[in-house]
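Nothing in this text is a laboratory measurement; each read-out follows from the coordinates by a stated rule. What you see is a predicted model; the values in this text were computed from it and never measured. Don't worry about glycine lacking a Cβ; one is built from the backbone with ideal geometry, like all the others, and counts go over all protein chains shown.
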Amino acid sequence: MKNAYYVGVMTGTSLDAADAVLVDFDNGSCRIIADAQVLIPLKQADEWRQLATDDATLAQALTAANAVAKLCAKAVAALGAPPDNIVAIGCHGQTVLHRPAHGWSAQLLNGALLAELCGADVVCDFRSRDIAAGGQGAPLAPLFHRAAFATYKPCAIINLGGIANISVLDTDGGVRGWDTGPANMLMDAWYRRHQSGQFDFDGSWATSGTIVPSLLQTLLEHPFLALSSPKSCGREEFDLRHFENELAHHRPEDAQATLLEWSAQTVTIAVRDSNVPVVFLCGGGAHNTALTNRLKTLLPDCNVQLSNAAGLPAERVEATAFAWFAKQFIEGKALDISSITGARGARILGAHYPR
């Protein structure tokens, strides 16, 4: 009998690469068989960032949706799995605008093209049904985190992507989750403005600066942070354009140090409110040593560690989540994410493009 695996593939809000994983879920396991990464060309990443504006054209968005499919197909091909061994590919798409209050969230992806290029079933568009049912459509990962980290509850899982989100696993098996604010997105954008490269590796540039208390206080007063859950946000909420006037009054490295502190403090507030003894970090920001060290300092009563300690590599958790969501869809399972997004009840999440 041939092996039957699921694939998860996604491009994150940091817009650095497409990550893919080949996952074996047999017998209740969650075992990554192979992983791959395909870098996003710099020009393409810049074009996609520009789509997070109201003046982007429909033609630009549809062209980008095709480009996302082609990039994700390259990442899937790099896994080396024969299409006949893939039950389905779960793909989140590239988020450019997220406005659940208006009834939509835009994850650019031509799912039909991805299915055609890979010769495999594709499940995508996971947010739309939740939003149609009155939910935020995000974050979705807490349901996967409940399945993958169940033996460690009570605990929190922090995804440090472009935006940070928290999943809180309660002792009784309940799960909560919400977006906490910025993680890497603003730091990456400010770094690109003043330094060569795409991001501040290990946070070394941030550590060369000094935190500006007045700037930090202004950032901590951002309206999103005062909202109660359920809450979620997109890259437009924390786009550099909204902050560069305040940041420009300070030395660039001091502004970067303050942005890192802002990310650390907003995550810390969420963890303290959750009252958990263990915190697992995942996402690209989990490898920012300055950020993770700051979180450990701010959370002395928590055991803060990478998700690797629970058997899932920090940089592969999100892609694995969408392989899991594809599996739930293929098996026809309705998922109750109402405690996280505020939806009216359980729904089957996703749209299906057969091979």
Notebook entry, point to check: Once you put a point 7 Å from the Cα of residue 305 and another 7 Å from the Cα of residue 221, both along the Cβ direction, what distance in nm separates them?
Noted result: 4.1 nm
Note to self: Report the gain in length on full extension from residue 44 to residue 31: 0.36 nm times residue separation, minus Cα-Cα distance, nm rounded to one decimal.
What the structure shows: 1.5 nm
Check: How big is the charge dipole of segment 141-314 about its Cα centre, in debye rounded to the nearest 20, if each Lys and Arg gets +1 on its Cβ and each Asp and Glu gets -1 on its Cβ?
Finding: 320 debye
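Contour minus end-to-end for residue 208 and residue 150, with contour as 0.36 nm per residue of separation and end-to-end as the Cα-Cα distance? If you can, show how the numbers build up before the last one.
Values: separation 58, 0.36 × 58 = 20.88 nm, distance 3.91 nm.
So the chain would gain 17.0 nm between residue 208 and residue 150.
Counting only DSSP beta bridges with both residues in the chain, tell me the antiparallel percent, nearest 5. Numbers along the way, then the final one.
On the way: 36 of 51 bridges.
Here the antiparallel bridges make up roughly 70 percent for the chain.
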Next item on the list: Just tell me which lysines come within less than 30 Å, Cα to Cα, of residue 327; anything on the same chain fewer than 8 places away is out.
Entry: 2, 70, 74, 153, 231
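Rounded to the nearest 500 deg cm²/dmol, what is the calculated helix-only ellipticity per residue at 222 nm for the chain, with -39500 (n - 2.57) per DSSP H run of length n ≥ 4? Mind dumping the intermediate values first?
Working: 14 runs with 131 residues, N = 355.
It lands at -10500 deg cm²/dmol.
Please work out how much length the chain gains when fully extended from residue 85 to residue 296, using 0.36 nm per residue of separation minus the C-alpha to C-alpha distance, in nm with one decimal. Walk me through the numbers on the way to the answer.
Values: separation 211, 0.36 × 211 = 75.96 nm, distance 4.15 nm.
Between residue 85 and residue 296, full extension yields an extra 71.8 nm.
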Check: Got a sec? Charge dipole of the chain, +1 on Cβ for Lys and Arg, -1 for Asp and Glu; which of 175, 100, 346 is way out at the positive end?
Finding: 346
Next item on the list: Evaluate the distance, in nm, between pseudo-label points positioned 7 Å from the Cα of residue 194 and of residue 346 along their respective Cα→Cβ axes.
Entry: 5.1 nm
Checklist line | Folded to 0 to 90 degrees: helix 252-274 orientation relative to the chain principal axis, Cα | finding: 60 degrees
Check: In the chain, if every C-alpha pair distance is counted and binned at 10 Å from zero, what percent goes to each bin?
Finding: 6, 26, 36, 25, 7, 1, 0
Next item on the list: Extending each Cα 7 Å along its Cβ direction at residue 60 and residue 104, get the distance between those two points in nm, one decimal.
Entry: 1.6 nm
Item checked: Principal axis dimensions, largest first and in whole angstrom, of segment 141-314 by Cα -> 48, 30, 26
